[in-house]
Amino acid sequence: MTEFNSGWLISGPADSLDSQLLEEIIATFREQMGLSSNCYASLVVCSADQMRSLNLRYRGTDATTDVLSFPADRESGIFREDESGSIYLGEILVDINYILSQSNSTDINKEIIPVLVHGLLHLLGFDHLSSSQQIKMRELENKIIAKIRTV
């Protein structure tokens with residue numbers, strides 16, 4: 001099932017995710033990153049098998065992971081508006097079961113916040129391959145997460 005939720009195009013079994021929280025995550029992200037309110041991203045909830053297959057195909061790692069991000073086509077970091085005037089940032093894939101298995105919590109709505117912020121930063125071109133990139137990305141994640149309500 002696919003639905004559009006003011007900032008997210010959602011696919012997969014996302015019933016356990018709080019739609020108001022998802023809206024708050026993308027709205028806070030847009031505000032903190034200086035993006036217009038017409039930016040949106042796709043959120044795909046995957047199984048462990050799907051995530052493992054995609055991780056192997058695109059990153060060469062034969063294991064599942066919490067999040068994969070696929071930025072939309074863009075030139076020199078400039079996103080283009082689509083025919084409706086909206087700006088598509090790209091696609092974020094998450095494995096909810098893996099996210100929960102890596103935490104001490106059973107509350108996916110609490111655990112999804114840093115995962116989605118991390119994925120959204122990747123859509124804007126941020127990475128953590130070097131220590132300086134990792135520090136910058138972590139600082140941005142912490143800044144954005146601090147502005148999002150706790151569940």
Restricting the stretch 10-36 to residues that are within 19 Å of GLY90 (Cβ to Cβ) and of a type in the set (Gly, Ala, Ser), which is surrounded by the most Cβ atoms within 10 Å (Cβ to Cβ)?
-> ALA14
Selection from the stretch 32-68 of residues that are part of a helix (DSSP H, G or I) and either farther than 26 Å from SER16 by Cβ or out of contact with any helix residue (DSSP H, G or I) (no Cβ under 8 Å at 6 or more places or on another chain) (or both) = MET33, ASP49, GLN50, ARG52, SER53, LEU54, ASN55, LEU56, ARG57, TYR58, ARG59
How about the stretch 20-34: which of its residues are touching a residue at least 40 places away in the same chain (Cβ under 8 Å) and either farther than 22 Å from SER84 by Cβ or within 15 Å of the chain's Cα centre (by Cα) (or both)?
-> LEU21, LEU22, GLU24, ILE25, ILE26, THR28, PHE29, GLN32, MET33
Scope the stretch 40-67; condition in contact (Cβ under 8 Å) with a residue 40 or more places away in the chain and surrounded by 18 or more Cβ atoms within 10 Å (Cβ to Cβ); matching residues | TYR40, ALA41, SER42, LEU43, VAL44, VAL45, CYS46, MET51, ASP66, VAL67
From ASP107, ASP73, residue being surrounded by fewer than 20 Cβ atoms within 10 Å (Cβ to Cβ), more than 17 Å from the chain's Cα centre (by Cα) and not small (Gly, Ala, Ser) = ASP107
Consider SER47 carefully, then state whether it is under 13 Å from the mean Cα position of the chain (by Cα), under 18 Å from SER11 (Cα atoms) and of a type in the set (S, T, N, Q).
-> no
Among residues belonging to the stretch 110-126 that are in a helix (DSSP H, G or I) and over 11 Å from the mean Cα position of the chain (by Cα), point out the one that is farthest from VAL44 (Cα to Cα).
-> LYS110
LEU89 part of a strand (DSSP E or B) and out of contact with any helix residue (DSSP H, G or I) (no Cβ under 6 Å at 6 or more places or on another chain) = no
Test: GLU141 is surrounded by 13 or more Cβ atoms within 10 Å (Cβ to Cβ), under 21 Å from ARG30 (Cβ atoms) and in contact with a helix residue (DSSP H, G or I) (Cβ under 8 Å, 6 or more places away or on another chain) | yes
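FYI, it's all coordinate maths here, none of it is from the lab. On a predicted model such as this, the values are computed, not experimentally measured, just so you know. Reconstructed Cβ throughout: ideal geometry from the backbone, glycine too, with neighbour counts over all protein chains shown.
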